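Scroll down for the structure; my scribbles are underneath it.
None of the figures in this text is laboratory data; all of them are computed from the coordinates on show. These numbers were taken from a predicted model, which means no experiment stands behind them. Note that each Cβ is placed from the backbone with ideal geometry, even for glycine, and that neighbours are counted across all protein chains shown.
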Amino acid sequence: MLFAQLAQGAPFHLAKDALPKYTSRFSRHDFTLPQLFACLVVREHQRKSYRGVEALLRDAPHWDRAIGMRHVPDHNTLCRAFHIIITQLHGEKMLDVLSCWFVVAELLGKTLAIDSSLYDTSLTHLDLAPPRS
């Protein structure tokens, strides 16, 4: 159920809006990048290896069908997809699409800041606070 929720939810649709369908017009077109991205989201969420998420997907074929996959991607395919998404800087495009979604849903205030450290400025911790003079 988790994969179906994740795959049909924001990650799959975000990838459909932000990623190209295929990496090359000459590729075999077995899987789209959005389908592979949805699998990679499950991999990260479940803290699995590429082989682990491959086994998880094999055990639940209905999850694959939920996003239009005819068969389970091999662990090497998932690994290659991860490196393509990371190295070709598709992350920036996905953040742009995500921020547009937030604007449309009126979930943003006056400013938008995304920090990879996930540091929340509304919280002040003693060990993070500047020294008092």
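Worth pointing out:
- If R0 equals 30 Å, the separation of the Cβ atoms of Cys79 and Leu107 corresponds to a calculated FRET efficiency of about 0.35.
- Among 35-44, 97-106, sorting by the average number of other beta carbon atoms lying within 10 angstrom of each residue, highest first, gives 35-44, 97-106.
- Residues His75, His29, ranked from the fewest to the most other C-beta atoms within 10 Å, line up as His29, His75.
- Across the stretch 2-91, Cα-Cα pairs more than 22 Å apart make up 16 percent of the total.
- Whole-number percent relative contact order across the stretch 2-91, with pairs defined as alpha carbons under 8 Å at least 6 apart: 30
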